[in-house]
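K.L.:
Have a look at this one before I ask anything.
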Amino acid sequence: GEGFVAGEVERIHWDAYGTATSFTLRYSTDDGMTFNPITTVTGEKRQYDWTVPNTVNGQIRLLLIRGGKRDTTDFPGTISPIPQNIEISKVCPDSMTISWNEINDSLSYEVYLLGAKYMEIVGTSDTNFLEIPITNAGVSQWVSVRSSHASGIHGRRALAVNWPGELKNCPQNIKHKHFKN
């Protein structure tokens, strides 16, 4: 269930006994039906730094082979870009608008807001912005975004961005009261 980003280096590591036989690493983009080579390492190694291939895919499986033994990751992983340049573009008393750079090949995005303990999905968007409801514009908020696809692909969530808690780009109607002397 890991989220990978194309071009990043991910450390693959494993446990095994003995050092006599080498390990072969492979990856699949079709949920384990076929596998592409990554590398072969000597028997004393227990890790490899893999450069993630340039693809968007939610059916990534890794395979480790040593002699007649094989082990595949239990759940499929995802390769998808991370949304960049997350910005709080508007904050009003009851809503906040978050924007980010659009990602090619992304069909939608999930927007997160920090809840009592965890980042929680507060909405989805087919565009590169979303207005979400908030209860108090004066309170600090942490927000993040991840790409998602109708096929079930969910990319890795971007690092959260903090908004210190104030209004932004939200004109307010102020009524003036006139006093007579």
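The values are calculated or read from the model by the stated rules, or taken from the named source; none is laboratory data. Since the model is a prediction, treat every value here as computed from it, not as a measurement. Neighbour counts are summed over all protein chains in view; Cβ atoms, including those assigned to glycine, are modelled from backbone coordinates with ideal geometry. Quick note on the areas: whole protein, heavy atoms, side chains included, nothing else; ligands and nucleic acids left out. Shrake-Rupley method; radii C 1.70, N 1.55, O 1.52, S 1.80 Å.
K.L.:
Out of the residues in the stretch 1-26 meeting the condition of being touching a residue at least 60 places away in the same chain (Cβ under 8 Å) and assigned to a loop (DSSP other than H, G, I, E, B), tell me which one is most open to solvent (accessible area, probe 1.4 Å).
P.N.:
Going through the qualifying residues, I end up with Glu2.
K.L.:
All but one of (1) small (Gly, Ala, Ser); (2) surrounded by fewer than 18 Cβ atoms within 10 Å (Cβ to Cβ); (3) touching a Ser or Thr at 6+ places or on another chain (Cβ under 7 Å) hold for Ser95; which doesn't?
P.N.:
It is condition (3) that Ser95 fails.
K.L.:
Name the residue that is farthest from the chain's Cα centre (by Cα), counting only residues in the stretch 33-72 that are in a loop (DSSP other than H, G, I, E, B) and of a type in the set (A, V, I, L, M).
P.N.:
Ranking the candidates gives Met33 first.
K.L.:
Next question. Of the conditions (1) more than 15 Å from the chain's Cα centre (by Cα); (2) closer than 19 Å to Gly3 by Cα; (3) part of a strand (DSSP E or B); (4) of a type in the set (S, T, N, Q), Asn162 clears all except one; give me its number.
P.N.:
Only one criterion in (1) more than 15 Å from the chain's Cα centre (by Cα); (2) closer than 19 Å to Gly3 by Cα; (3) part of a strand (DSSP E or B); (4) of a type in the set (S, T, N, Q) is unmet by Asn162, namely (2).
K.L.:
Ser106 versus (1) modelled with pLDDT of 90 or more; (2) open to solvent by less than 30 Å² (accessible area, probe 1.4 Å): which is the lone unmet condition?
P.N.:
For Ser106, the failing item is (1).
K.L.:
Give the number of residues within the stretch 154-175 that are of a type outside the set (A, V, I, L, M, F, W, C), within 21 Å of Leu114 (Cβ to Cβ) and open to solvent by 90 Å² or more (accessible area, probe 1.4 Å).
P.N.:
Residues in the stretch 154-175 being of a type outside the set (A, V, I, L, M, F, W, C), within 21 Å of Leu114 (Cβ to Cβ) and open to solvent by 90 Å² or more (accessible area, probe 1.4 Å): 2 in total.
K.L.:
Yes or no: Leu113 open to solvent by 20 Å² or more (accessible area, probe 1.4 Å), within 30 Å of Ala137 (Cβ to Cβ), modelled with pLDDT of 90 or more and part of a strand (DSSP E or B)?
P.N.:
yes
K.L.:
In the stretch 132-153, what residues are assigned to a strand (DSSP E or B) and surrounded by 17 or more Cβ atoms within 10 Å (Cβ to Cβ)?
P.N.:
Gln141, Val143, Ser144, Val145, Arg146, Ser147, Ser148
K.L.:
OK, next. Scan the stretch 73-88 residue by residue and report those that are assigned to a strand (DSSP E or B), open to solvent by less than 50 Å² (accessible area, probe 1.4 Å) and modelled with pLDDT of 95 or more.
P.N.:
Ile88
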